[in-house]
Amino acid sequence: MGLISNGSTLFDSGSLDASVASGSMTHIKTLTASDSSTLSFVNGASSVVLDNTYKEYVFKFYDIHPSHSGTRFQFNGSVDTGSNYNATKQTSMFVAANIEADTDTSLSYQPGDDLGNSTGFQDLAGFGNANDDNDASLAGTLQLFDIANTTFVKHFIARTNYMTTGPYPVDTFTGGYFNTTSALDAFQFKFTSNNIAAGTIKLYGVK
Amino acid sequence: MGIISDGTTIFDSGSLAAGLGSSISVIKKLTASSSGTLSFVNGSSGVVLDNTYKEYLFVINNCHPSAKSNFAFQGSTNTGSSYGVTITSSHFQNKMDEGNTGTHSLTYEAGRDLAQSTSFQRLTETQNTANDECCSGFIRLFNPSSTTFVKHFNTTFESISDNPSSSYNFCGGYFNTTSAIDAIQFKFESGNIDSGTITLYGIS
């Protein structure tokens with residue numbers, strides 16, 4: 001069923017018409033962790049869209065809480081709809097941090113958290129491992145550009161804020177590219193060890 | 001009443017179905033006019049600052065001070081009765097002067113971070129007051145209604161300081177409380193906000 005008003009189609013076949021103003025950032029999927037080892041977004045599965053529908057995809061992280069300390073939040077991409085998460089990446093990371101006790105600050109490049117043409121998972125939080133205190137968490141944004149492109153590498157940028165042991169709030173800036181001309185069609189998030197005890201990850205598409 | 005098209009709900013209960021509308025909603029825009037402060041208080045003047053959204057975005061445009069001062073913000077856990085939530089944060093700046101004299105820097109700004117302080121969080125370097133000078137930027141505030149976790153925020157601001165210089169500022173940290181944050185206030189640390197706008201958005 002559709003609806004036409006004054007000759008203009010407002011919606012049909014279960015979708016708003018493209019001419020209807022509906023905003024340029026569209027929510028695609030929300031995943032909520034419950035002591036989860038991984039959270040994965042796979043194109044074509046569970047209503048997830050990760051293809052050439054959008055030129056940019058944005059992941060939002062809210063209150064990501066680890067089950068244990070001594071671990072870092074990280075992600076990887078897939079070129080085979082989630083069969084493997086090991087796309088090659090070249091990345092850099094820097095952080096700003098300030099300990100609660102006001103005895104230490106840092107503005108520094110994080111060589112232990114970058115990747116040089118590596119298939120490993122990319123840390124999204126540097127400087128120190130996550131704090132698992134009850135009130136500790138991670139929040140932030142990861143933007144991925146034109147992941148369906150089969151000509152160019154796929155760039156991404158991320159900014160996260162989290163509490164590390166100390167405790168410090170750490171403002172983490174990560175950038176890089178998936179060094180592949182294959183389309184990326186799935187992404188997975190996890191801690192380096194143990195589980196994501198709680199938290200929400202939302203995926204948006206940007207027209 | 002709702003409408004279902006080909007098995008897909010288009011709208012129901014007065015709202016577009018999830019995924020069909022915009023994910024960024026304008027909540028409130030405030031315009032300064034020699035204002036001592038600009039405040040967004042949940043439940044007041046159409047402001048929503050609760051668990052309706054997981055993320056709130058403040059966009060600050062062309063805030064012009066009456067006196068040389070730092071632009072700053074704080075939160076409240078008592079709907080604006082007081083603004084003095086404990087914050088720990090970091091702050092760094094990238095800077096270059098107009099004269100291109102080589103006065104450029106990338107530095108941690110110890111005078112603008114906070115360590116378990118209830119002071120206002122500085123968002124910029126000391127802002128100049130010439131007629132064409134102002135600051136602009138944005139703040140992301142994550143899940144302020146949580147009563148379990150600290151409330152993270154990050155800020156990005158561009159301002160004009162001393163020589164004059166372009167001063168590009170990055171601040172990140174958390175409100176170190178498990179109480180919900182339900183109001184946010186902005187001000188220059190001295191003088192007024194002569195002009196400028198601050199718009200609050202919710203991200204769903």
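The values are calculated or read from the model by the stated rules, or taken from the named source; none is laboratory data. Note that the structure is a prediction, hence the values are computed from the model and not measured. We place every Cβ from the backbone using ideal geometry, glycine too, and count neighbours over all the protein chains shown.
Here's a check for you: in region B:191-204, which residue that is more than 13 Å from the chain's Cα centre (by Cα) and in a strand (DSSP E or B) is farthest from the other protein chains (Cβ to nearest Cβ)? Break it down into steps so the answer makes sense when it comes.
The initial filter retains those residues of region B:191-204 that are more than 13 Å from the chain's Cα centre (by Cα), namely B:191-196, B:203-204.
Narrowing the set further to residues that are in a strand (DSSP E or B) leaves B:193-196, B:203.
Details: B:ILE193: 26, B:ASP194: 30, B:SER195: 29, B:GLY196: 24, B:ILE203: 7 Å.
Ranking the candidates gives B:ASP194 first.
Is it the case that some residue within region A:126-135 is in contact (Cβ under 8 Å) with a residue 24 or more places away in the chain, surrounded by fewer than 23 Cβ atoms within 10 Å (Cβ to Cβ) and in contact with a His (Cβ under 6 Å, 6 or more places away or on another chain)?
Yes, region A:126-135 contains a residue that is in contact (Cβ under 8 Å) with a residue 24 or more places away in the chain, surrounded by fewer than 23 Cβ atoms within 10 Å (Cβ to Cβ) and in contact with a His (Cβ under 6 Å, 6 or more places away or on another chain).
Of these, A:ALA198, A:ALA87, A:ALA139, which one is under 26 Å from B:PHE142 (Cα atoms) and either over 13 Å from the mean Cα position of the chain (by Cα) or assigned to a loop (DSSP other than H, G, I, E, B) (or both)?
Working: A:ALA87 fails: under 26 Å from B:PHE142 (Cα atoms); A:ALA139 fails: either over 13 Å from the mean Cα position of the chain (by Cα) or assigned to a loop (DSSP other than H, G, I, E, B) (or both).
From the options A:ALA198, A:ALA87, A:ALA139, the qualifying one is A:ALA198.
Report every pair of residues separated by at least 6 positions or lying on different chains whose Cβ atoms are under 8 Å apart, first residue within region A:22-38 and more than 7 Å from chain B (Cβ to nearest Cβ) and in a loop (DSSP other than H, G, I, E, B), second of a type in the set (Val, Ile, Thr) and buried (at least 19 other Cβ atoms within 10 Å of the Cβ).
Here the result reads A:SER37/A:ILE196; A:THR38/A:ILE196, each pair linking region A:22-38 to a residue that is of a type in the set (Val, Ile, Thr) and buried (at least 19 other Cβ atoms within 10 Å of the Cβ).
Can you go through B:PHE120, B:PHE92, B:PHE170, B:PHE188 and tell me which one is away from every other protein chain (no Cβ under 14 Å), over 15 Å from B:PHE58 (Cβ atoms) and in contact (Cβ under 8 Å) with a residue 40 or more places away in the chain?
Just one listed residue meets the conditions, B:PHE188.
Kindly list the number of the only condition in (1) modelled with pLDDT of 95 or more; (2) more than 14 Å from chain A (Cβ to nearest Cβ); (3) farther than 29 Å from A:ASP102 by Cα that fails for B:SER159.
Failing condition for B:SER159: (3).
Would you confirm whether or not region A:72-80 contains a residue that is in contact (Cβ under 8 Å) with a residue 12 or more places away in the chain, part of a loop (DSSP other than H, G, I, E, B) and surrounded by 15 or more Cβ atoms within 10 Å (Cβ to Cβ)?
Taking region A:72-80 as the starting set, the residues that turn out to be in contact (Cβ under 8 Å) with a residue 12 or more places away in the chain are A:72-80.
Within this subset, residues satisfying the condition of being part of a loop (DSSP other than H, G, I, E, B) are A:72, A:79-80.
Among the residues that remain, those that are also surrounded by 15 or more Cβ atoms within 10 Å (Cβ to Cβ) are: A:72, A:79.
Yes.
Does region A:90-123 hold any residues that are assigned to a loop (DSSP other than H, G, I, E, B) and within 13 Å of chain B (Cβ to nearest Cβ), and which are they?
Restricting attention to region A:90-123, the residues satisfying the condition of being assigned to a loop (DSSP other than H, G, I, E, B) are A:99-104, A:110-117, A:119-121.
Within region A:90-123, A:ILE99, A:GLU100, A:ALA101, A:ASP102, A:THR103, A:ASP104 qualify.
Quick one: is B:GLU158 within 24 Å of B:VAL59 (Cβ to Cβ), crowded, with 22+ Cβ neighbours inside 10 Å and charged (D, E, K, R)? Even if it seems obvious, please write down each step before you answer.
Working: within 24 Å of B:VAL59 (Cβ to Cβ): yes; crowded, with 22+ Cβ neighbours inside 10 Å: no; charged (D, E, K, R): yes.
The answer is no for B:GLU158.
Only residues in region A:175-202 that are free of Cβ contacts under 8 Å to residues at least 40 places away in the same chain count as the first member; pair them with residues that are assigned to a loop (DSSP other than H, G, I, E, B), Cβ under 8 angstrom, at least 6 apart or cross-chain, and list the lot.
A:THR181/A:ASN149; A:THR181/A:THR150; A:THR181/A:THR151; A:THR181/A:PHE152; A:THR181/A:VAL153
Identify, by number, the condition in (1) β-branched (Val, Ile, Thr); (2) more than 14 Å from chain A (Cβ to nearest Cβ); (3) surrounded by fewer than 21 Cβ atoms within 10 Å (Cβ to Cβ) that B:THR148 doesn't meet.
Answer for B:THR148: the failing condition is (2).
To keep it simple, each residue is scored yes or no on (1) under 18 Å from B:CYS171 (Cβ atoms); (2) touching a helix residue (DSSP H, G or I) at 6+ places or on another chain (Cβ under 9 Å); (3) modelled with pLDDT under 95; (4) of a type outside the set (Ser, Thr, Tyr).
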| residue | (1), (2), (3), (4) |
| --- | --- |
| B:PHE11 | no, no, yes, yes |
| B:GLY19 | no, no, yes, yes |
| B:SER35 | no, no, no, no |
| B:ASP50 | no, no, no, yes |
| B:THR79 | no, no, no, no |
| B:THR86 | yes, no, no, no |
| B:THR103 | no, no, yes, no |
| B:ASP113 | yes, no, no, yes |
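Please go through region A:155-167 and pick out each residue that is buried (at least 23 other Cβ atoms within 10 Å of the Cβ) and either more than 10 Å from chain B (Cβ to nearest Cβ) or farther than 13 Å from A:SER69 by Cβ (or both). Give the steps one after another, and end with the answer.
Here is the first cut: in region A:155-167, the residues buried (at least 23 other Cβ atoms within 10 Å of the Cβ) are A:156, A:158, A:160-164.
Across region A:155-167, the qualifying residues are A:PHE156, A:ALA158, A:THR160, A:ASN161, A:THR164.
Any idea which of (1) within 9 Å of another protein chain (Cβ to nearest Cβ); (2) touching a Leu at 6+ places or on another chain (Cβ under 6 Å) is the one A:VAL170 doesn't satisfy?
(2)
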